[in-house]
Structure formats: C-alpha cells, structure tokens
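Visitor: Take a look at this one; I'll ask things after.
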Amino acid sequence: LLRAKENGQLAGKRVLVTAGGTVERLDPVRYLTNDSSGKMGFAIAEAANVMGAEVTVIAGRTSVDAPAGVTVVRVESAQQMLDAVLERFDQSDIVVKSAAVADYRPVTTHGQKIKKSGETLTLELEKTTDILQTLGGRKKHQFLIGFAAETEQLEKYAMDKLTRKNCDLIVGNDVSQDGAGFNGDTNIVQLFGPSGLIEAMPMLSKRETAQRILVIAAQRIAEGTA
Ligand code: CTP
Ligand code: CA
C-alpha cells in the first residue's frame, strides 16, 4: 500500500463506491433490509482515497462510520441509490458496487402504520432495478467493479454476473465461509476478470482486501486491459 500511496496509483481518478444495505419501506416504522454492515464498501472507499482518488460513497444502512476524506451521500432505497449513482456516473472513472441492494421491495409503501388484523399477512414484493446491470448497459470510459455474494458455485455465478452486467472485475464472495462476507472485519474473495479467475485471495482484513482489489484495478486501467 505504501508504494501505491507514493505513486498515487489512482491520482486524478474519480471513484464512486456504493456501500451498505438498502432499506425498503413497508410503512413508517417497518422496512426490509439485509445484513450488510458497509465495512467492505467503506474499506474500498478508504483505500481509493489513500491511493489518491477523489472518492464519493453512496451509502445505504451501515453499522460503522464512513471513513474520513471521502464524500458520503446517504440513501435508503434501491431506487434512491440508483438515482444517486446515475447522477454521478458520467463523471466517474471507477465504480465499485459493493452495496447489498435489495432484490425486491414492497409493492406498496403504506403512509400509516399497518394495523394487525388477520392471523396471517402476505406481503407482495416487486423486483428492484439492478443498478450494476444498468451501469453496465451505459458504460463508456468507466471501469466497473461488481460483487457477487454466493453460497455455492462461486466461479460459475460470479462469471455469469460479470458477463450479464458487463463488468470489468467481479469480486466473488463465498458468504457461507467463516471469515467471509457480511459484518465481520475479514473477507475471503476471488477476483474475476472477463477471462476468468485473476486471484484467489486468502482470508484478509477488509482493508487489505480492498487495497488488493484496487491495485489490480489500477494496473488493468493503466495497461488498458479494461
Ligand atoms: N446489484 C445491484 N442492484 C440490484 C441487485 C444487485 O446493483 N438490484 C449489484 C450488487 O451491488 C453487486 C452485484 O449486483 O455488486 C451482485 O449482487 P448479488 O446480490 O450477488 O447478485 P444478483 O444479481 O442480485 O443475483 P442473486 O442475488 O440472485 O444472486
Ligand atoms: Ca441480490
């Protein structure tokens, strides 16, 4: 990292990171969300800042504080995250989609607290827009990094997401492994590019994981591999 900092490997680059989980409102006191802590996204933002980039984080619900030295924009829903990201996409050089975006949201957000009545309650959910896939479809000069959280067949699903969402890198995350995924301070990731596995990293702190991902991204951008 020291070398990266001295070289300012991401100097002059504008990096847009999403972090945390989205919040999909059911009524004024209830919502659907997920276990994301925001730690991985914030670690990416911090590492990019150290490497000399100008960093903006679009953050959903997080359980830790954002790093110093980066611009933080708070959002709740997947739709708000999509709008915030699209607003800044043209001016971004690297986009890292580490947020855990809800795949479904309640069809209806009630203005008043839902009162209990029957013995069962069925919620109707509808799909959210896939933010990463939307970006992949509009990509011009941007280098796009996505995540894939899986509990099985990591390589297959990660490569499938890379292709479908037109990403330059996918960070594959086997969230069923101890020491990987949500909430902890460590992660175990495999980094994939368009031609397959680039690196299977050992268990590392999220900070170290973030640095390694960005060093590889910076190399590929410099080489024009993107
Ligand atoms: N993602 C997104 N918008 C969504 C859902 C996911 O931008 N509505 C992004 C995530 O931020 C992540 C990547 O897509 O970078 C993969 O997310 P993941 O949940 O692993 O994959 P999905 O495509 O949602 O598929 P599934 O949950 O069925 O595995
Ligand atoms: Ca998903």
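The values are calculated or read from the model by the stated rules, or taken from the named source; none is laboratory data. Being a predicted model, the structure only gives us computed values, none of them experimental. Ideal geometry is used to build each Cβ from the backbone, glycine not excepted, and the neighbour counts take in all protein chains shown.
Visitor: In segment 126-133, is there at least one residue being over 14 Å from the mean Cα position of the chain (by Cα), among the polar types (S, T, N, Q), in a helix (DSSP H, G or I) and over 21 Å from D35 (Cα atoms)? Let's see the steps before the verdict.
Guide: Kept after step one, since they are over 14 Å from the mean Cα position of the chain (by Cα), are these residues of segment 126-133: 126-129.
Subsequent filtering for residues that are among the polar types (S, T, N, Q) retains 128-129.
Subset that is in a helix (DSSP H, G or I): none.
No - not one qualifying residue is present in segment 126-133.
Visitor: Quick check on my filter: what residues within segment 149-172 are touching a residue at least 40 places away in the same chain (Cβ under 8 Å) and either within 12 Å of ligand 1 (Cβ to nearest atom) or crowded, with 21+ Cβ neighbours inside 10 Å (or both)?
Guide: Taking segment 149-172 as the starting set, the residues that turn out to be touching a residue at least 40 places away in the same chain (Cβ under 8 Å) are 149, 155, 168-169, 171.
Across segment 149-172, the qualifying residues are A149, D168, L169, V171.
Visitor: Of all the residues that make up segment 165-204, how many are among the small types (G, A, S), farther than 27 Å from T129 by Cα and in contact with a strand residue (DSSP E or B) (Cβ under 6 Å, 6 or more places away or on another chain)?
Guide: 2
Visitor: Still on this model: Of all the residues that make up segment 166-195, how many are over 18 Å from F143 (Cβ atoms) and either of a type outside the set (V, I, T) or part of a loop (DSSP other than H, G, I, E, B) (or both)? Steps first, please.
Guide: Here is the first cut: in segment 166-195, the ones over 18 Å from F143 (Cβ atoms) are 173-188, 190.
Among the residues that remain, those that are also either of a type outside the set (V, I, T) or part of a loop (DSSP other than H, G, I, E, B) (or both) are: 173-185, 187-188, 190.
Residues that pass the stated criteria total 16.
Visitor: Name, by its number, the condition in (1) within 12 Å of ligand 1 (Cβ to nearest atom); (2) of a type in the set (V, I, T); (3) in a helix (DSSP H, G or I) that does not hold for I145.
Guide: The number of the failed condition is (3).
Visitor: Next up: Just checking, does segment 205-216 include any residue being touching a residue at least 40 places away in the same chain (Cβ under 8 Å), among the β-branched types (V, I, T) and within 13 Å of ligand 1 (Cβ to nearest atom)?
Guide: Yes, the conditions are met somewhere in segment 205-216.
So that you can scan it fast, the table gives a plain yes or no per residue for (1) modelled with pLDDT of 95 or more; (2) within 26 Å of G179 (Cβ to Cβ):
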| residue | (1), (2) |
| --- | --- |
| N7 | no, no |
| R14 | yes, no |
| G21 | yes, yes |
| A43 | yes, yes |
| G52 | yes, no |
| A66 | yes, yes |
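Visitor: Take segment 8-39 and flag every residue that is more than 17 Å from A84 (Cβ to Cβ), crowded, with 17+ Cβ neighbours inside 10 Å and small (G, A, S).
Guide: Selection gives S37 alone.
Visitor: Return the residues of segment 58-70 that are more than 15 Å from R207 (Cβ to Cβ) and either under 14 Å from the mean Cα position of the chain (by Cα) or surrounded by 14 or more Cβ atoms within 10 Å (Cβ to Cβ) (or both); say none if nothing qualifies.
Guide: Passing the criteria: I58, A59, G60, R61, T62.
Visitor: Here is a list: T120, T134. Which entry is more than 17 Å from L191 (Cβ to Cβ) and either within 15 Å of ligand 2 (Cβ to nearest atom) or touching a strand residue (DSSP E or B) at 6+ places or on another chain (Cβ under 9 Å) (or both)?
Guide: T134
Visitor: Go through (1) free of Cβ contacts under 8 Å to residues at least 60 places away in the same chain; (2) charged (D, E, K, R); (3) within 16 Å of ligand 2 (Cβ to nearest atom) and name the single condition R105 misses.
Guide: Just one mismatch for R105, condition (1).
Visitor: Being exposed (fewer than 12 other Cβ atoms within 10 Å of the Cβ), over 19 Å from R212 (Cα atoms) and not polar (S, T, N, Q) narrows it down to one of L121, L125, L132, so name that one. Let's see the steps before the verdict.
Guide: On the way: L125 fails: exposed (fewer than 12 other Cβ atoms within 10 Å of the Cβ); L132 fails: exposed (fewer than 12 other Cβ atoms within 10 Å of the Cβ).
Checking each option against the conditions leaves just L121.
Visitor: Going through D83, D35, D90 one at a time, which residue ends up being at pLDDT below 95 and of a type outside the set (V, I, T)? Explain how you work it out, then say what you get.
Guide: On the way: D83 fails: at pLDDT below 95; D90 fails: at pLDDT below 95.
Going through D83, D35, D90 in turn, just one is at pLDDT below 95 and of a type outside the set (V, I, T): D35.
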